[in-house]
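Since the structure comes first, as structure tokens, the remarks are kept for the end.
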Amino acid sequence: MANIDITRQHQVSLDKAQVAVMEIASAMHERFGIESVWHGTTLQFERDGIQGSIALKTDSIQVQAKLGMFFSALKPMIENDIIEKLERYFGPTSRST
């Protein structure tokens, strides 16, 4: 099993953040057949081989996932996809040089 844990700061309203996460969840459903449900400000998602959550706070977002054997091999691709979506909806991360 492989784990993904990405946390980043954001400066969007909680309402806009929830809309963005709903769009991300819709894309996950279309691409991987992942089902999801909201529990407060946390979206829980699951399918065979993947389970996790996207937790929203007023100033941050955290994506956690546990990947089964098949999806573990795809971890780099899945992480890059998550990062691209977070950058699209919440802006680029600041990178120090």
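Quick note: the coordinates plus some simple rules give every number you see, no bench work behind them. Predicted, not measured: the structure shown is a model, and the values here were computed from it. Backbone-built Cβ (ideal geometry, glycine too); neighbour counts: all protein chains shown.
Give the peptides 49-56, 33-40 in descending order of average Cβ contacts within 10 Å, highest first.
Top of the packing list down: 49-56, 33-40.
Would you mind checking which residues have amide H under 5 Å from SER60's amide H? H placed 1.01 Å from N; only 5 or more apart, or other chain.
Long-range HN contacts for SER60: HIS10.
Only four residue types carry charge here, +1 at the Cβ of Lys and Arg and -1 at the Cβ of Asp and Glu. Report the dipole size of the chain about the Cα centre in Debye, rounded to the nearest 20.
Value, rounded to 20: 200 debye.
What is the log10 of I(q)/I(0) for the chain, computed with the Debye formula using one identical point scatterer on each Cα and no solvent, at q = 0.11 Å⁻¹?
Result of the Debye calculation: -0.30.
Under the Karplus relation 6.51 cos²θ - 1.76 cosθ + 1.60, θ = phi - 60°, what is the ordered set of whole-Hz ³J(HN,Hα) values for segment 19-35, x standing for Gly and Pro?
4, 4, 5, 5, 5, 4, 4, 4, 5, 5, 5, 5, 7, 10, x, 7, 8
What angle, in degrees between 0 and 90 and rounded to the nearest 10, separates the Cα long axis of helix 75-90 from the longest principal axis of the Cα atoms of the chain?
The two axes meet at around 20 degrees.
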